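Okay, structure first, notes after.
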Amino acid sequence: AQAELSEHSPDVLVGSSRGGAVALAMDLGTTPTILIAPAWKFFTDTPRIPPRLTVIHSRQDHLIPFEHSLELAERSASKGVTLI
C-alpha cells in the first residue's frame, strides 16, 4: 500500500474498516485522508495519524465500536482531526 501511495500520489486517500487500519500504518505525508469506521484498534496501539484526517463513524456501528474513533480523535486533537 505504501508503494502504491508513493507511486500514484492521490489527491485524497479513503479507507474503510481494515483499510482504515492499513492507512494508519502508512506514512501518508500531507495526503488528505478520510477513514470510515477505521478498525485501527484491532491491529495496532500506535497509529500513525496524518495531519489532515477526517473520520466518519456511526454511533450505532455494531462491528467497530464508535469509541475507537473517539479515542483516535482525542489522541490526535493537536493535528485537527475531524470526527463526524
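Rule-based calculations on the coordinates, nothing more; no lab input. Quantities reported herein were computed from a predicted structural model and do not represent experimental measurements. Positions of Cβ are generated from backbone atoms using ideal geometry, with glycine treated the same way; all protein chains shown enter the neighbour counts.
Taken about its Cα centre, the chain carries a charge dipole of roughly 140 debye when the Cβ of each Lys and Arg holds +1 and the Cβ of each Asp and Glu holds -1. Among residues other than LYS79 with Cβ under 13 Å from its Cβ, the summed charge is +2 (Lys and Arg +1, Asp and Glu -1). A Förster distance of 22 Å, applied to the separation of the beta-carbon atoms of HIS62 and VAL14, puts the FRET efficiency at 0.50. Amide H contacts for LEU13 (H built 1.01 Å from N in the peptide plane; partners 5 or more residues away or on another chain; cut-off under 5 Å): THR33, ILE34.
Remark on ILE56: its backbone amide H falls under 5 Å from those of LEU35, ILE36, ALA37, ILE84, a criterion applied only to residues 5 or more positions apart or on other chains, H modelled at 1.01 Å from N. Among beta bridges identified by DSSP and lying wholly in the chain, the antiparallel ones come to about 0 percent. What percent do you get for the relative contact order of the chain when only Cα pairs under 8 Å and 6+ apart count? Reported as a whole number, the value is 25 percent.
Placing a label point 7 Å from the Cα of ILE84 along the Cα-to-Cβ direction, the residues of segment 1-38 whose backbone N falls under 15 Å of that point are 12-16, 32-38.
How large is log10 of I(q)/I(0) for the chain at q = 0.23, 0.25 Å⁻¹ when the intensity is taken from the Debye formula with one equal scatterer per alpha-carbon? One equal scatterer on each Cα of the chain leads to -1.09, -1.28.
Applied to segment 49-54, the Karplus parametrisation 6.51 cos²θ - 1.76 cosθ + 1.60 on θ = phi - 60° returns per-residue 3J(HN,Hα) values of 8, x, x, 10, 10, 10 Hz, with x for Gly and Pro. Annotation: extensible slack from GLU7 through ALA25 equals 4.8 nm (criterion: 0.36 nm per residue apart, minus Cα-Cα distance). With θ taken as phi - 60° and the Karplus curve 6.51 cos²θ - 1.76 cosθ + 1.60 applied, the whole-hertz 3J(HN,Hα) list for segment 18-33 is 5, x, x, 5, 4, 4, 6, 9, 9, 8, 8, x, 9, 5, x, 10 Hz, x standing for glycine and proline.
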